[in-house]
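A short write-up of the structure that comes next.
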Amino acid sequence: MTTTDAPAPTAILGCTTVATDDGPFTVLFDDDGVVYASGWVDDGEYLRALIHPTLRPETLEERPGGDIVEAVRAYYAGDLDAPSRIAVRQHSGPFLQSAWAALRDVPAGPPVTYSELAERAGNAAAVRAAAACCAQNAAALFVPCHRVVRSNGGLGGFRYGLDIKEALIDREK
């Protein structure tokens, strides 16, 4: 589930880091277990800066991640759909909201192209905006932007490095 409702800022988000095969993975989340940001870093402040200003918390607090941590561990244990069962909250304009929702529906397996993502998001001509959707995605793994590649099969970019993107794609084949 990706929430697309009006933003409701929160003063504090939980923060936890999980060891993975691809390095430390940190997640920022609210009291309801909704993910706001995540990625292969061990720095919650780095992730906090990625959250849309209308949702960005004032403070991070180290907390156990419960179901979120279990979803990350399950993913690395082979349940590639586990992150899609965790709610995510991001905020932007209508196309990016649609594109993030479409990304959540891209299954593990062969990656899709930016063109295919634009089409899935409802505007086949918005290829550059589909690429922006991936670049502005704060909730890596839970919104699987690593599943999108260039039309020529090239990896494109990835905030956490092409080596991690390639490892994720290989894991999902």
Each residue of the stretch 159-170 in turn: what ³J(HN,Hα) in whole Hz from Karplus with 6.51, -1.76, 1.60 and θ = phi - 60°, glycine and Pro shown as x?
3, 9, x, 5, 5, 6, 4, 4, 5, 5, 4, 4
So what's the net charge close to residue 112: Lys and Arg +1, Asp and Glu -1, counting the other residues with Cβ under 15 Å from its Cβ?
+2
For the stretch 73-136, the Cα gyration tensor yields equivalent-ellipsoid semi-axes (√(5λ), largest first, whole Å) of 23, 14, 9
For the stretch 94-172, evaluate the Debye formula with one uniform point scatterer on each Cα (no solvent term) and list log10 I(q)/I(0) at q = 0.15, 0.23 Å⁻¹, rounded to two decimals.
-0.42, -1.04
Rounded to the nearest 500 deg cm²/dmol, what is the calculated helix-only ellipticity per residue at 222 nm for the chain, with -39500 (n - 2.57) per DSSP H run of length n ≥ 4?
-8500 deg cm²/dmol
Can you bin every Cα-Cα distance in the stretch 2-89 into 5 Å intervals starting at zero and give me the percent of pairs per bin, rounded to whole numbers?
3, 15, 27, 26, 17, 8, 3, 0
Shape box of the chain [Cα atoms, principal axes, largest first, Å]:
42, 35, 24
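Throughout, read-outs are computed from the coordinates displayed, never taken from laboratory work. Please read these numbers as outputs of a predicted model, since none were measured by experiment. Neighbour counts run over all protein chains shown; Cβ positions are idealised from the backbone, glycine included.
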